[in-house]
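Reading through the structure tokens given below for one structure.
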Amino acid sequence: MAFPIINVACDFENNGTWIDISAFLQKLTIKRGSSRVESPVIRYEAGTCELQLNNSDRRFDPTHLTGPYTLPSGSVASGIQQAACAIVQVLGHGFTVAVASTDPETIEASLRDSTVATSTSTSYTCAKPSGVVSGDVLVAFQAGDWGTASAMATPTGGTTWQLLTSRDAGENALHSKVWWKVAGGSEPSTYGFTQASASDGVVIIAAVRDASGTPTFASTDNDGTAFFDTPSITPAGTADYELRFVSAVGGGPGASWDWSATEGPYTEAEDAQSGNFTTGSMAHKSLAGLSSGSGGTLVKAMRPVRIRAIWNSVTYDLFRGYADLWKVTWEGPNKSTCVVPCTDAFKIFSSFDRRASDSVAAPSELTSARINRILDNASWPASLRSIATGDVTLQATTLDGNLMDELLLTNETEVGELYVTADGKVFFRNRAAINNDSRSTTSQATFGDGGGAELPYTDLALANDDTQLVNRVIITRAGGTQQVAEDLASQAEYLVRSYTRDNLLFNNDSSALNMAQWVLSLSAQPEQRFESIEIKPGRSEADLFPQAFNRLIGDRITIRRRPPGGGSMTEQDYFIRGIEHQAVPGQAWVTRWTLQSTAAGGSFFIIGHATRGRLDLNPLGF
């Protein structure tokens, strides 16, 4: 056995290509879930990670334009250029095409004209750009959202079209193809295109004059985003003419594109939406005057970051999110570090405010359906979700605000669990799961200070305070009447301690009252408890690393504590509500779990359960 291998990877080009930067990791801290349980209703925080990287060769310095994470050095390159879409899309492609000048010493290539067509038919036409003459280079960008890419056959009309490049997200997903040809002497007024039945299609044709040769090209994926990269390429020279094309599906109708943030900037020629799904845009620019150099940095904020641990030949996900910034410091002439704080997907949702035109009518539906509806509106990929069926039916409403606020309100009405998992999935567990899932009803491990079968811990944080004491609960649903539950005996002893929530999405006041009574039953009396537990897996690798890597938020564990100087052993079960890892590669590893006592919330009646199936001892749940 040995310490885990920590794998740190960053998608510098934001195209699904993970670059391993593990060799430069000096230490890391990961925090997920809740950092402290302060009420009976758990609200999970955004997951965070902080990396400290060795930057002595300046590779993580955004101002170092000849480092490994930059655009190609020593050659002509116009860099990654990014178009912004008004609506977040589910799947997307980005293309860069450069067409060389026939004789740059005399006259450089330029855009003659462009045309666009959209259609929901299996065959359709796009007009020839105006002014086309024999010898012009024609480039056709085609995108569709249904069937298979093979249905997008070679275009017809005039000289033969040739496939330059393509990207395919799979059957009944996004297909994008780029065709090209040299115009002949008798080109038709329109060109014919095909696509699968029920597909929404977009075609953009550009005519470049004073150009020759096979175009240079590159492409990338842009999934689950509103910011679409078109990749850097090395064109034939500084007299090329460059076309940038983006295509996307999944954001719904009304998408439009903005190229103003590009360097130059690039000039938008076409912006199109077909039906309800496929959208595309093309921008262009002459590369005249572009000089050889290193281009720009790829060390940017919002680049995806992934952390994994490999132990005993098994790979464990620890964190997936996005870089907040790259903070470089110098400690000496040859010593530098770069600190990279990262945040998970909650960061994206917290920054997503709808425009008035983006409001969505939500019918009365289960909490799980509402969460999926909100995520659909953000075009969050289905592959990055784990949504259990909800227990609560919500009232109809209009979704017109901040996505994170809507997600939290939905989950709070359910009294469920909502967070981002270690592999980047939005996770929702319903209210009943804490009483139904075996990992929450049966202890998954026993930690103690007695040796033997008890797993060793290094620290327990004891709390005996009033942070979870509540004896007046006030719950109000949207459009409903305030519902109050009180424990007068608790108020007489501890004074009034209130817990208030309003605008919850219950369909009726009785559900709001049930929630008030449930919260009161959990919190009317203070409780001595352990707030957190710390383990150092390196002290017992075979026993503790599996615990550090396999325990999940919501898991139930048992803790035994024998007080100093003797006395009765304390034994209590706890739910894990937060997970933290601190590590120095090959040297140290500390795992901490934020805890919630099961004495109240984990003791509800379960039919047939050995210890929780006693009506005289186990209360009925909410």
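The values are calculated or read from the model by the stated rules, or taken from the named source; none is laboratory data. In this text, all values refer to a predicted model and were calculated from it rather than measured experimentally. With ideal geometry, Cβ positions are generated from the backbone for all residues, glycine too; neighbour counts draw on all protein chains shown.
Would you confirm whether or not the stretch 239-259 contains a residue that is farther than 23 Å from TYR124 by Cβ and of a type in the set (S, T, N, Q)? Give the derivation first.
The first filter runs over the stretch 239-259 and keeps only residues farther than 23 Å from TYR124 by Cβ, leaving 239-242, 244, 258-259.
Checking the rest, the ones that are also of a type in the set (S, T, N, Q) come to none.
Checked against the condition, which is being farther than 23 Å from TYR124 by Cβ and of a type in the set (S, T, N, Q), the stretch 239-259 yields no hits at all.
Residues in the stretch 111-159 that are of a type in the set (Val, Ile, Thr) and under 15 Å from SER189 (Cα atoms) were compared, and the one that is farthest from the chain's Cα centre (by Cα) is VAL133.
Scanning the stretch 8-17 for residues being within 15 Å of the chain's Cα centre (by Cα), surrounded by 14 or more Cβ atoms within 10 Å (Cβ to Cβ) and either outside the structural domain of GLU50 (by TED's automatic domain parsing) or not in a strand (DSSP E or B) (or both) gives a total of 3. How about the stretch 461-483: which of its residues are assigned to a strand (DSSP E or B), more than 33 Å from the chain's Cα centre (by Cα) and buried (at least 16 other Cβ atoms within 10 Å of the Cβ)? Answer for the stretch 461-483, where residues must be assigned to a strand (DSSP E or B), more than 33 Å from the chain's Cα centre (by Cα) and buried (at least 16 other Cβ atoms within 10 Å of the Cβ): ALA463, ARG472, VAL473, ILE474, GLN483.
Scanning the stretch 526-537 for residues that are more than 21 Å from GLY450 (Cβ to Cβ) and buried (at least 17 other Cβ atoms within 10 Å of the Cβ), which turns out modelled with the lowest pLDDT? It would help to see each step written out before you state the result.
First, the residues of the stretch 526-537 that are more than 21 Å from GLY450 (Cβ to Cβ): 526-527, 531.
When the remaining residues are screened for being buried (at least 17 other Cβ atoms within 10 Å of the Cβ), the result is 526, 531.
Details: PRO526: 86, GLU531: 92.
It comes out as PRO526.
Just one of the listed residues (CYS342, CYS338) is touching a Cys at 6+ places or on another chain (Cβ under 8 Å), crowded, with 21+ Cβ neighbours inside 10 Å and not aromatic (Phe, Trp, Tyr), and it is CYS342.
Of the residues in the stretch 560-573, none is at pLDDT 95 or above and among the hydroxyl-bearing types (Ser, Thr, Tyr). Evaluate the following for PRO104: is it under 33 Å from the mean Cα position of the chain (by Cα), farther than 30 Å from SER379 by Cα and not hydrophobic (A, V, I, L, M, F, W, C)? So PRO104 does not fit the description; no. Selection within the stretch 574-615: residues that are at pLDDT 90 or above and charged (D, E, K, R). The member of this set that is farthest from the chain's Cα centre (by Cα) is ARG592. Close contacts from the stretch 309-328, counting a first residue that is free of Cβ contacts under 8 Å to residues at least 24 places away in the same chain and a second that is assigned to a strand (DSSP E or B), with Cβ to Cβ under 7 Å and a gap of 6+ residues or different chains, come to ASP324/PRO341; ASP324/CYS342; ASP324/THR343; LYS327/CYS338; LYS327/VAL339.
Quick grid of which residues meet (1) part of a strand (DSSP E or B); (2) in contact with a His (Cβ under 9 Å, 6 or more places away or on another chain):
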position	(1), (2)
MET282	yes, no
VAL299	no, yes
MET302	no, no
ALA309	yes, yes
THR315	yes, no
PHE319	yes, yes
THR329	yes, no
VAL339	yes, no
ALA361	yes, no
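I need the full set of residues from the stretch 379-394 which are surrounded by 17 or more Cβ atoms within 10 Å (Cβ to Cβ) and among the hydrophobic types (A, V, I, L, M, F, W, C), in order please. Matches in the stretch 379-394: TRP380, LEU384, ILE387, ALA388, VAL392, LEU394.
Out of TYR316, TYR322, I need the residue that is under 17 Å from GLY47 (Cβ atoms), buried (at least 17 other Cβ atoms within 10 Å of the Cβ) and more than 16 Å from the chain's Cα centre (by Cα). Which one? Write out each step before concluding.
Details: TYR322 fails: more than 16 Å from the chain's Cα centre (by Cα).
Sole residue among the options that is under 17 Å from GLY47 (Cβ atoms), buried (at least 17 other Cβ atoms within 10 Å of the Cβ) and more than 16 Å from the chain's Cα centre (by Cα): TYR316.
Being among the hydrophobic types (A, V, I, L, M, F, W, C) and either closer than 15 Å to ALA248 by Cα or not assigned by TED's automatic domain parsing to the domain that holds ALA100 (or both) is the filter; apply it to the stretch 160-190 and report the residue that is farthest from the chain's Cα centre (by Cα).
VAL178
From ILE80, ILE5, ILE30, which residue is at pLDDT 85 or above, closer than 30 Å to SER281 by Cα and either crowded, with 18+ Cβ neighbours inside 10 Å or of a type in the set (A, V, I, L, M, F, W, C) (or both)?
On the way: ILE5 fails: closer than 30 Å to SER281 by Cα; ILE30 fails: closer than 30 Å to SER281 by Cα.
Just one listed residue meets the conditions, ILE80.
List the residue pairs whose Cβ atoms are under 6 Å apart, where the first residue sits in the stretch 329-351 and is touching a residue at least 40 places away in the same chain (Cβ under 8 Å), the second is in a strand (DSSP E or B) and charged (D, E, K, R), and the two are 6 or more positions apart or on different chains. Filtered contacts from the stretch 329-351: VAL339/LYS327; PRO341/GLU50. Remark: SER386 matches the filter, which requires a residue to be under 18 Å from THR410 (Cα atoms) and either modelled with pLDDT of 95 or more or small (Gly, Ala, Ser) (or both).
Quick one: in the stretch 395-420, which of the residues that are touching a Lys or Arg at 6+ places or on another chain (Cβ under 6 Å) and assigned to a helix (DSSP H, G or I) is surrounded by the fewest Cβ atoms within 10 Å (Cβ to Cβ)?
Going through the stretch 395-420, the residues touching a Lys or Arg at 6+ places or on another chain (Cβ under 6 Å) turn out to be 400, 410, 414-417.
When the remaining residues are screened for being assigned to a helix (DSSP H, G or I), the result is 410, 414.
On the way: THR410: 28, GLU414: 26.
For the stretch 395-420, the residue satisfying everything is GLU414.
Within the stretch 413-428, take every residue that is over 16 Å from SER383 (Cα atoms) and of a type in the set (A, V, I, L, M) and give me the one that is modelled with the lowest pLDDT.
Restricting attention to the stretch 413-428, the residues satisfying the condition of being over 16 Å from SER383 (Cα atoms) are 413-418.
Filter once more, keeping what is of a type in the set (A, V, I, L, M): 415, 418.
Details: VAL415: 92, LEU418: 96.
Ranking the qualifying residues of the stretch 413-428, first place goes to VAL415.
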